[in-house]
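Q: Please read through the structure below; I'll follow up with questions.
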Amino acid sequence: MNQATQSEPTEAAMPPSSGDAGEARRRYLAEIERAFTIAQGRARPADDRTFALAGNSIRLRFAGERLPAVLGTALAHLPPASADGGWEILCWDGAATGRPLPSPPGPWPETWPPDSVFFPFGPQSTRVCILAETGLITVFCAASCRAVIWVRDARELPGQHYGSPLLNLFAWWSRSVGLSLLHAGCVGTERGAVLLVGPGGSGKSTTSLLCAEAGMDYLSDDYCLARLGDKPTAYSLYCSGKLQREHWASFPGLARIAVQPPVDPLAKPIVYLSRVGEFAVKVRAPLRAILVPTISGQPATTVETTHAAAALHALAPSTLLQLPHDGRESLAALAQLVRTLPCFRLRLGTRFADIAPVVRSLIEGLP
């Protein structure tokens, strides 16, 4: 199968199992729970963690001592929460526990295409995504508020899982709780936050991290959550950012805390901003505007108004193609968002020191 990427998996439905699909699903999840408990007993203990995310409680349970560092570090800024009545995610290292994930009823079909999403109990039920080359299987069940992440070996996971862990799962989960997962940077001040939207290489991460170093509120450089409506709100999902090596000289505060994913020497180094007190990582902020960064090549950074259609063109392709959303509904939600907020073109200049002040001034000048 193909190397795992952030691209949208294809979807295919397995034939519904015989008998009651709901009962079959419950039996399968109970089987997973029993196998996970055995796996925990075979591995060195790792502390569970429960955190609040956009008003929801999510509990991570671990079988394998390496997984908390891989999957949990980018989520470390999220505040603790009660484990009662929330979502539960079983995080399971096959190599550390010597236990495979139980298969759903019937064998895994050999004809499944690579990196696909399947519905073993019929459409709109439990989802399964297999990234074979990465050795990662995700099982998601909205009806039971349960999910499973099984990895072949935590030591083999590529760098993207250190910076944006559980991304497919959070994309599905966000839809189930009325949120949207956006491919966007997000920074702000006490007056609110702005989204930075565009494809890779447009300057989202550079702008977001420059704003963080300048003392502005940081919510994301790549992926964030949003609750849409008349007064949209952004929620930070990860405290991580990705740093281009050629830009290290412009990020002295971030370069000293950059971490290289151990199995991915060619990946961008990752910075976890919550580890250093000088950076203001914020978990929630009202959205005030949308910025479309472009690299101008000129010395000065400038900003000008732009149309909602231009903002949608910058936001929608990268969000819909990189994230496993339901395309039509997601596009309608994004169109609503760009109509709700003022939109601006941010022409990024070569004087990096000027970029954050321009963004701050824009936010402060909004009505």
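Q: It is to be established whether one or more residues within the stretch 300-315 are under 19 Å from the mean Cα position of the chain (by Cα) and either more than 29 Å from residue 55 (Cα to Cα) or in contact (Cβ under 8 Å) with a residue 12 or more places away in the chain (or both).
A: Just the residues of the stretch 300-315 that are under 19 Å from the mean Cα position of the chain (by Cα), to begin with: 314-315.
From the residues that got through so far, the ones that are either more than 29 Å from residue 55 (Cα to Cα) or in contact (Cβ under 8 Å) with a residue 12 or more places away in the chain (or both) too are 314-315.
Looking for residues that are under 19 Å from the mean Cα position of the chain (by Cα) and either more than 29 Å from residue 55 (Cα to Cα) or in contact (Cβ under 8 Å) with a residue 12 or more places away in the chain (or both), one finds at least one in the stretch 300-315, hence yes.
Q: Filter the stretch 32-45 down to residues that are under 28 Å from the mean Cα position of the chain (by Cα) and part of a helix (DSSP H, G or I), then give me how many there are.
A: Just the residues of the stretch 32-45 that are under 28 Å from the mean Cα position of the chain (by Cα), to begin with: 32-33, 35-37, 39-40, 43-45.
Still in the list and also part of a helix (DSSP H, G or I): 32-33, 35-37, 39-40.
So the answer is 7.
Q: Answer yes or no as to whether residue 293 is touching a Gly at 6+ places or on another chain (Cβ under 6 Å), in a strand (DSSP E or B) and surrounded by 19 or more Cβ atoms within 10 Å (Cβ to Cβ). Please lay out each step first, then the result.
A: On the way: touching a Gly at 6+ places or on another chain (Cβ under 6 Å): yes; in a strand (DSSP E or B): yes; surrounded by 19 or more Cβ atoms within 10 Å (Cβ to Cβ): yes.
When the stated conditions are applied, residue 293 passes them.
Q: So for the stretch 254-268 (the condition being touching a Gly at 6+ places or on another chain (Cβ under 8 Å), modelled with pLDDT of 80 or more, under 22 Å from residue 79 (Cβ atoms) and charged (D, E, K, R)), does at least one residue qualify?
A: No: zero hits.
Q: Checking the conditions here, which among 314, 309, 300, 285 is surrounded by fewer than 16 Cβ atoms within 10 Å (Cβ to Cβ) and in contact with a Gly (Cβ under 8 Å, 6 or more places away or on another chain)?
A: Numbers: 314 fails: surrounded by fewer than 16 Cβ atoms within 10 Å (Cβ to Cβ); 309 fails: in contact with a Gly (Cβ under 8 Å, 6 or more places away or on another chain); 285 fails: surrounded by fewer than 16 Cβ atoms within 10 Å (Cβ to Cβ).
That would be 300, the only listed residue that is surrounded by fewer than 16 Cβ atoms within 10 Å (Cβ to Cβ) and in contact with a Gly (Cβ under 8 Å, 6 or more places away or on another chain).
Q: Could we say that residue 224 is closer than 26 Å to residue 338 by Cβ and touching a helix residue (DSSP H, G or I) at 6+ places or on another chain (Cβ under 9 Å) here?
A: Details: closer than 26 Å to residue 338 by Cβ: yes; touching a helix residue (DSSP H, G or I) at 6+ places or on another chain (Cβ under 9 Å): no.
So residue 224 does not fit the description; no.
Q: Could you give every pair whose Cβ atoms fall below 9 Å, whose first residue belongs to the stretch 95-110 and is in the same structural domain as residue 65 (by TED's automatic domain parsing), and whose second residue is modelled with pLDDT under 80 and surrounded by fewer than 16 Cβ atoms within 10 Å (Cβ to Cβ), counting only separations of at least 6 or pairs across chains?
A: Pairs found: 105/18; 106/15.
Q: Let me ask something else about it. Please pick out the residue among 347, 360 that is touching a Ser or Thr at 6+ places or on another chain (Cβ under 8 Å) and not in a helix (DSSP H, G or I).
A: On the way: 360 fails: not in a helix (DSSP H, G or I).
Unique residue meeting the criteria: 347.
Q: With respect to residue 60, determine if the residue is modelled with pLDDT of 85 or more, touching an Asp or Glu at 6+ places or on another chain (Cβ under 7 Å), under 26 Å from residue 282 (Cβ atoms) and not in a loop (DSSP other than H, G, I, E, B). Spell out the reasoning first.
A: Working: modelled with pLDDT of 85 or more: yes; touching an Asp or Glu at 6+ places or on another chain (Cβ under 7 Å): yes; under 26 Å from residue 282 (Cβ atoms): yes; not in a loop (DSSP other than H, G, I, E, B): yes.
Yes.
Q: Keeping to the stretch 296-309, report how many residues are under 19 Å from residue 186 (Cα atoms) and at pLDDT below 95. Step through it out loud before you land on a result.
A: As a first pass, look at the stretch 296-309 and keep what is under 19 Å from residue 186 (Cα atoms): 301-306, 308.
When the remaining residues are screened for being at pLDDT below 95, the result is none.
Of the residues in that region, 0 qualify.
Q: Out of 175, 191, 227, I need the residue that is farther than 25 Å from residue 58 by Cβ and touching a residue at least 24 places away in the same chain (Cβ under 8 Å). Which one? Outline the logic, then answer.
A: Details: 175 fails: farther than 25 Å from residue 58 by Cβ; 227 fails: farther than 25 Å from residue 58 by Cβ.
Criteria check complete, one pass: 191.
The values are calculated or read from the model by the stated rules, or taken from the named source; none is laboratory data. Being a predicted model, the structure only gives us computed values, none of them experimental. With ideal geometry, Cβ positions are generated from the backbone for all residues, glycine too; neighbour counts draw on all protein chains shown.
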